Amino acid sequence: MTTPLTIRGFTLYPGVLDGRAQRDMVEDLRAVARAAPMRAPVTRFGKPMSVKMTSAGRVGWISDRRGYRYEPEQPRGGPWPDIPGRILELWHKVTGLERVPDCCLVNFYGEGARMGLHQDRDEGDFGWPVLSVSLGDDGLFRMGGPERSDSTESVWLKSGDVVVMGGAARLSFHGVDRIRFKSSRLLPGGGRINITLRVVEPLTE
């Protein structure tokens with residue numbers, strides 16, 4: 001695995017996935033989207049998000065007028081598909097954890113899409129890291145601190161890069177300012193896929 005870079009507590013592993021691994025993962029995610037179609041969510045204030053999303057795993061992340069939360073069923077009904085094996089292998093390889101994630105959130109960024117600064121804090125135990133994988137077009141990833149007012153630093157994430165948000169960075173604000181549309185040939189129509197793997201609840205005895 002490549003030598004990691006640490007920026008504001010975020011650990012970046014450049015180029016973890018080679019071209020073949022990226023293509024295989026995209027095919028896995030296409031199967032996820034067939035079982036749980038992408039949707040255009042809204043914020044709790046009713047504002048449409050510019051990304052489309054779906055999930056895999058025991059639970060999926062939901063955003064609507066009722067708020068942000070994890071649910072065991074898709075909005076259309078029925079369970080979420082399983083997290084693909086190759087994605088779980090990457091989680092174990094990078095994090096070194098035996099515990100499997102409960103949710104694999106899949107976000108698609110088309111032309112002009114972005115994600116404002118936010119914290120990942122809908123989980124039940126912040127002691128577990130969040131693992132993020134970039135596929136497709138370059139994305140300008142902004143990293144801050146535990147307060148929205150903290151200063152930020154940005155880095156371009158390329159297809160195959162992996163970021164781990166753990167420890168002090170687990171509750172740091174972060175976002176995607178923009179993408180370089182069609183900077184990658186991975187997705188024929190252009191765009192960026194970002195997947196994040198999360199442990200939602202602590203283990204129970």
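What about Gly127, is it at positive phi and not acidic (Asp, Glu)?
On the way: at positive phi: no; not acidic (Asp, Glu): yes.
Here the answer is no, as Gly127 does not meet what is asked.
Out of Arg86, Arg69, which single residue is in contact with a strand residue (DSSP E or B) (Cβ under 7 Å, 6 or more places away or on another chain), surrounded by fewer than 16 Cβ atoms within 10 Å (Cβ to Cβ) and not in a loop (DSSP other than H, G, I, E, B)? Before you say what the answer is, go through the steps one by one.
On the way: Arg86 fails: in contact with a strand residue (DSSP E or B) (Cβ under 7 Å, 6 or more places away or on another chain).
Of Arg86, Arg69, the one residue that is in contact with a strand residue (DSSP E or B) (Cβ under 7 Å, 6 or more places away or on another chain), surrounded by fewer than 16 Cβ atoms within 10 Å (Cβ to Cβ) and not in a loop (DSSP other than H, G, I, E, B) is Arg69.
Kindly provide the set of residues from segment 8-58 that are among the small types (Gly, Ala, Ser), touching a residue at least 60 places away in the same chain (Cβ under 8 Å) and not in a helix (DSSP H, G or I), ordered by number.
Passing the criteria: Gly9, Gly15, Ser50.
Hey, among Gly144, Gly190, Gly160, Gly166, which residue is surrounded by 15 or more Cβ atoms within 10 Å (Cβ to Cβ), over 29 Å from Gly85 (Cβ atoms) and at pLDDT 95 or above?
Gly144
Checking Ser50 against (1) under 17 Å from Glu123 (Cα atoms); (2) hydroxyl-bearing (Ser, Thr, Tyr); (3) out of contact with any Leu (no Cβ under 9 Å at 6 or more places or on another chain): exactly one of these is not met. Which one?
Failing condition for Ser50: (1).
Working carefully through the options Ser184, Ser149, Ser134, Ser154, find the one that is touching a residue at least 60 places away in the same chain (Cβ under 8 Å) and not in a helix (DSSP H, G or I).
On the way: Ser184 fails: touching a residue at least 60 places away in the same chain (Cβ under 8 Å); Ser149 fails: touching a residue at least 60 places away in the same chain (Cβ under 8 Å); Ser154 fails: touching a residue at least 60 places away in the same chain (Cβ under 8 Å).
Just one listed residue meets the conditions, Ser134.
Across segment 93-115, what is the total count of residues that are within 17 Å of Gly57 (Cα to Cα), loosely packed, with under 13 Cβ neighbours inside 10 Å and either out of contact with any Leu (no Cβ under 8 Å at 6 or more places or on another chain) or free of Cβ contacts under 8 Å to residues at least 40 places away in the same chain (or both)?
Residues that pass the stated criteria total 1.
The values are calculated or read from the model by the stated rules, or taken from the named source; none is laboratory data. All of these numbers come straight from a predicted model, not from anything done at the bench. Cβ: placed from backbone, ideal geometry, glycine included. Neighbour counts: every protein chain shown.
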